[in-house]
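J.: I am attaching a structure below and will ask some questions about it afterwards.
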Amino acid sequence: MKRALLISLLTVATAISARQLQIVDVDNMPIAAVCVTNDKGALVGKTDNDGLLKDTKDFDKLYFSHMAFQSKCVKLDTLSTDRIVLEDANYNLGEIDVKPKELIYVQNYYRVTYVCDDGPIYFRAGVVDNTFEAATKKISSKSRNISRAENGLIRFLINTFSGRILNEWAKIDTITNYDRILKRVNKGFLKLSESVNDRRIISDSVCSLGYVEDDFKTNRRTLVFDRDTYRQHLREAEEAAKIEKMMREGKTIKEKDKKKQDADSMAVRDSKLYEVYRIDDEGRTGVRDMIMRQLMVSGHSKRTDHDYVILIEVFPVTCDYIDKKDFKQTRKDNEVEMNIKELRNFEKNHNIPPLAPNLKEQIDLLFAKDLAK
């Protein structure tokens, strides 16, 4: 009897210690790709497609960050429920007047925050001036940015090997990620379910990978998609097909091929796309209609033995139709001095959702020399 009672108490204690939280919006819908950190800005985890954070047992206070929602700090011992509600961010790109001009001019602000077990160790932010010429479908862009890291090596590596990718991510695009997903659906690589509460589930043959939500009351489309999980499934299917073919043909499967497949299946890197676009009454959208975009890349670094999350956020701040002769002056008028003080003012002036205060405080320490000037 005592043994049974002890087992029951241990089971209850384990359930309590491994508390699971769900992060939802004001409509009670789960929020995917929320970055969760502690007081020092160190990484705790991220929410999955169901808005779940699996384990919070070792923490007293948590911060929740997502570009589309207001950041929130929660003391766990004050919670009466395991559901946490985040309110919408105030950022809202204004409506755009269509004018008979040659170019669409879009200025995007972007920021990149690299968070690991020790806190934020890299930050990059900047402005990308984009033009799109409708007649030729040609896009041009020019970027300006600043960055800081906890040491020069990290800054050098990310700026050198990833800087161009980050700048590309902040450019406008003639083909939305939703259109790309539709092409994969049409080719049979992905499936898109029927709409339930305006939400369609994206899946492959293995599992669900995200969703598309069309809100025709606000004329917005929200897309969430696990890019690396999808790519991982494709690689595994290709490797399995390759081995199956070799077996049918009576060929010997090399140990290195088997090890490679096993290693691929153990990969933990994951990138989750979160994107919001304007849509018209028929669900159509264009290059000028992006409202916000976030790419959350997470994984484990073998070099540092740290879990990490990289948040890449993009916000359009200016969108207009202009003539070519006006473009140089427009870009000049919209230039921003690349230092941390000016960037903070730029975010404030354009109503860009601020980072969670714990992350902002730690990032400002990376720019301490700039702030002292």
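J.: Residues of region 109-151 being closer than 30 Å to Q329 by Cβ, under 22 Å from the mean Cα position of the chain (by Cα) and of a type in the set (A, V, I, L, M), which ones?
T.: V112, A125, V127, V128, I146
J.: What number of residues within region 90-108 are within 20 Å of the chain's Cα centre (by Cα) and not assigned by TED's automatic domain parsing to the domain that holds F315?
T.: 4
J.: Restricting to strands (runs of 3 or more DSSP E) lying wholly in region 195-237: which have 2 or more residues that are more than 15 Å from the chain's Cα centre (by Cα) and more than 16 Å from Y277 (Cα to Cα)?
T.: The qualifying strands (runs of 3 or more DSSP E) are 199-203.
J.: Please tell me if M338 is within 25 Å of I154 (Cβ to Cβ), in a loop (DSSP other than H, G, I, E, B) and assigned by TED's automatic domain parsing to the domain that holds R144.
T.: Working: within 25 Å of I154 (Cβ to Cβ): yes; in a loop (DSSP other than H, G, I, E, B): yes; assigned by TED's automatic domain parsing to the domain that holds R144: yes.
Considered against the rule, which asks whether it is within 25 Å of I154 (Cβ to Cβ), in a loop (DSSP other than H, G, I, E, B) and assigned by TED's automatic domain parsing to the domain that holds R144, M338 comes out as yes.
J.: Ok, one more. Only residues that are over 19 Å from G119 (Cα atoms) and in contact with a Phe, Trp or Tyr (Cβ under 9 Å, 6 or more places away or on another chain): list them for region 342-373, please.
T.: Result: L343, F346, E347, H350, N351, I352, P353.
J.: While we're looking at this one, here's another question. For Y91, indicate whether it is outside any strand (DSSP E or B) and touching a His at 6+ places or on another chain (Cβ under 9 Å).
T.: Taking the combined requirement at face value, the residue satisfies it.
J.: Every residue in region 110-139 that is in contact with a Lys or Arg (Cβ under 9 Å, 6 or more places away or on another chain), under 26 Å from I175 (Cβ atoms) and of a type in the set (S, T, N, Q), please.
T.: Answer for region 110-139, where residues must be in contact with a Lys or Arg (Cβ under 9 Å, 6 or more places away or on another chain), under 26 Å from I175 (Cβ atoms) and of a type in the set (S, T, N, Q): N130, T131.
J.: Could you grab the pairs with beta carbons closer than 7 Å, sequence gap of 6+ or different chains, first residue in region 292-314 and under 12 Å from V34 (Cα atoms), second one acidic (D, E)?
T.: Q294/E313; S298/D270
J.: Name every residue in region 70-100 that is modelled with pLDDT under 85 and among the basic types (K, R), in order of residue number.
T.: K99
J.: Scanning for something at pLDDT below 90, surrounded by fewer than 17 Cβ atoms within 10 Å (Cβ to Cβ) and assigned to a strand (DSSP E or B), does region 360-370 turn up at least one residue?
T.: Among the residues of region 360-370, not one is at pLDDT below 90, surrounded by fewer than 17 Cβ atoms within 10 Å (Cβ to Cβ) and assigned to a strand (DSSP E or B), which makes the answer no.
J.: Right, something else. Listed residues R164, R200, R144; which is loosely packed, with under 13 Cβ neighbours inside 10 Å and either basic (K, R) or modelled with pLDDT of 90 or more (or both)?
T.: R164
J.: Can you find even one residue in region 49-63 that is among the small types (G, A, S), at positive phi and in contact with a Gly (Cβ under 6 Å, 6 or more places away or on another chain)?
T.: Checking region 49-63: not a single residue is among the small types (G, A, S), at positive phi and in contact with a Gly (Cβ under 6 Å, 6 or more places away or on another chain).
The values are calculated or read from the model by the stated rules, or taken from the named source; none is laboratory data. Here the structure is a predicted model, which means the values were calculated and not measured. Neighbour counts are summed over all protein chains in view; Cβ atoms, including those assigned to glycine, are modelled from backbone coordinates with ideal geometry.
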